[in-house]
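Report on the following structure.
What follows is calculated from the coordinates using simple rules that are stated; it is not laboratory data. What you see is a predicted model, and the numbers here were worked out from it, not measured in a lab. Every residue, glycine among them, receives a Cβ derived from its backbone with ideal geometry; neighbour counts consider all protein chains shown.
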Amino acid sequence: MESNMEDVANVLIIGSGPAGYTAAIYAARAGMKPVLYQGAQPGGQLTITNEVENYPGYPEGVNGPQMMMDFQAQAERFETDTRYGVATAVDLNKYPFEVTIDEEELVKAKAIIISTGASAKWLGLPSEQRLNGKGVSACAVCDGFFFKGQEVAVVGGGDTAAEEASYLSKLCSKVHMIVRRDVLRASKIMAKRVMTTPNIEIHWHTETDEILGENEVEAVRVFNNQTGVKTDIPIQGFFVAIGHQPNTDLFKGMLDMDESGYLITQPGSSKTNIEGVFASGDAQDKIYRQAITAAGTGCMAALDAERFLAEKEMA
Ligand code: NDP
């Protein structure tokens, strides 16, 4: 491994969603000259979101990618050093901490803020993997356009699934929602929206058996989990919207996490079990998972890091 040793960063922020950029804004304004690595999906999950209507300060709503460009511009206005690159390894047992970027560059830091977010979950079917990008997707806003005027299916009954189904219903001739129970987990308003949209059909008590098609999606074979009856629904697009998992594999064995992989922080703070390492955003939040809450915890992490560095200097 080629090591390109840099000076030690005061604060290294890993991830570029609302948590990461908010941490950067606060850390930069406090004169900490933060270095922020954007990760595999610069801007994070909001870049695959359509309209954000619930972030205070945007009375008319704002589209997700635009919002993240605004976050980045604000962080850079205060001299955040924003860089492309994915953290591929970390050593939190050394101090200063060491983070490897893209498997080749070594960056040292006095404090680390983790804001690596979460990623979409998949069903785990071989056909889902084989046809990924050939009709199988986890992002209606990214890929819905390809299915204009066609029939598609959305798996899941939460707010994400309801939002995806609602978005697709405006583009596609018909949307089949595949829901494994007889109730939607989605909020009342979203549930009502999908249940009253004429071209959305909800298949209750239904699960996916297999996605059919050689080189592109042609149908989905579903089964009723009460009767066992299998049905093939002809579709061209198959959207998976069954929740998310935190992007925290990198920290396994070093940082405390719960059984689902969410980082554990000390109540009322962003502190992890390692002094000087702070966690913010969806990587540590399985309950709220909103842009505004992620931004709030990013702010907490920057303030905690600032305090940590000040105490370290005085010691
Ligand atoms: P959720 O965990 O809320 O919902 C996941 C859905 O997928 C559930 O209906 C679940 O079924 C179903 N599911 C899970 N695993 C499988 C599986 N293997 N096979 C079939 N179905 C499965 O995730 P979301 O991503 O929808 O939402 C996450 C959070 O983000 C929530 O708090 C939500 O409110 C919020 N959110 C808010 C939005 C907004 O306000 N505009 C938009 C999107 C999300 P079951 O119910 O049976 O467990």
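Some points to look at:
- Scanning residues 5 or more positions from LYS121 or on other chains, those with amide H under 5 Å from its amide H are ILE242, GLY243, HIS244, GLN245, with H placed 1.01 Å from N in the peptide plane.
- Scalar couplings 3J(HN,Hα) for region 308-315, obtained by applying the Karplus form with A = 6.51, B = -1.76, C = 1.60 to θ = phi - 60°, are 4, 5, 5, 5, 5, 5, 6, 5 Hz; x denotes Gly and Pro.
- Built amide H within the under 5 Å cut-off of ILE101, gap 5+: THR88, LEU106, VAL107
- Each part reduced to its alpha carbon centroid, region 15-84 and region 239-255 end up 21 Å apart.
- For region 122-240, the mean projected area of the C-alpha convex hull, equal to one quarter of the hull surface, is 6.4 nm².
- For THR206, the amide hydrogen comes within under 5 Å of the amide hydrogens of VAL179, ARG180, ARG181, ASN225, counting only partners 5 or more places away or on other chains and with H modelled in the peptide plane.
- Remark: the GLU207-PHE78 segment gains 41.5 nm on full extension, using 0.36 nm per residue and subtracting the alpha carbon distance.
- Charge dipole (region 183-273, unit charges on Cβ, about Cα centre) - positive-most of THR272, VAL240, HIS203: THR272
- Cross-link table LYS148/LYS174; LYS252/LYS312; LYS108/LYS252; LYS148/LYS230; LYS94/LYS312; LYS33/LYS286, entries beyond 21 Å C-alpha to C-alpha: LYS252/LYS312; LYS148/LYS230; LYS33/LYS286
- Since only PHE308, SER127, ILE14 are under comparison, the one whose Cα sits farthest along the positive direction of the charge dipole of the chain, derived from C-beta charges on Lys, Arg, Asp and Glu, is SER127.
- Comparing ALA40, ALA161, ALA75 in a Gaussian network model of the chain where C-alpha atoms under 10 Å apart are linked, the largest mean-square fluctuation is found at ALA40.
- Viscosity 1.306 mPa s, temperature 10 °C, Stokes-Einstein D of region 58-158 from Kirkwood C-alpha radius, µm²/s: 88
- Ordered by the count of other Cβ atoms within 10 Å of each Cβ, fewest first, VAL154, VAL107 give VAL107, VAL154.
- Across the chain, Cα-Cα pairs farther apart than 24 Å form 56% of the total.
- Annotation for LYS94 and PHE146: the two label points, set 7 Å from Cα along the Cα-Cβ direction, are 4.2 nm apart.
- GNM top mover of PRO42, PRO234, PRO267 - the chain, alpha-carbon springs below 10 Å: PRO267
- Computed from the Cβ-Cβ distance with R0 of 51 Å, the FRET efficiency linking ASP232 to GLU313 stands at 0.15.
- Within the chain, helix-based [θ] at 222 nm, where runs of 4 or more DSSP H residues each add -39,500 (n - 2.57), nearest 500: -7500 deg cm²/dmol
- By the beta-carbon count within 10 Å of each Cβ, the least crowded to most crowded order of THR82, THR265, fewest first, is THR82, THR265.
- Antiparallel beta bridges, as assigned by DSSP with both residues in the chain, represent about 45 percent of the total such bridges.
- Residue order, fewest to most surrounding Cβ atoms within 10 angstrom, among LEU106, LEU131: LEU106, LEU131
- Low-density loop positions, GluC sites (Glu not before Pro), region 30-115 - DSSP coil, at most 16 other Cβ in 10 Å: GLU53, GLU60, GLU79, GLU103, GLU104
- Counting Lys and Arg as +1 and Asp and Glu as -1 over every other residue whose Cβ lies under 14 Å from the Cβ of LEU263, the net charge comes to -3.
- Here the Karplus curve 6.51 cos²θ - 1.76 cosθ + 1.60, taken at θ = phi - 60°, turns the phi angles of region 100-112 into couplings of 9, 9, 6, 6, 9, 9, 9, 10, 9, 8, 7, 9, 10 Hz, with x standing for Gly and Pro.
- Fully extended contour minus Cα-Cα distance, from ASN224 to ASP182, at 0.36 nm per residue: 14.0 nm
- Among the cysteines of the chain, those whose beta-carbon sits 4.7 Å or more from every other cysteine beta-carbon are CYS172, CYS299.
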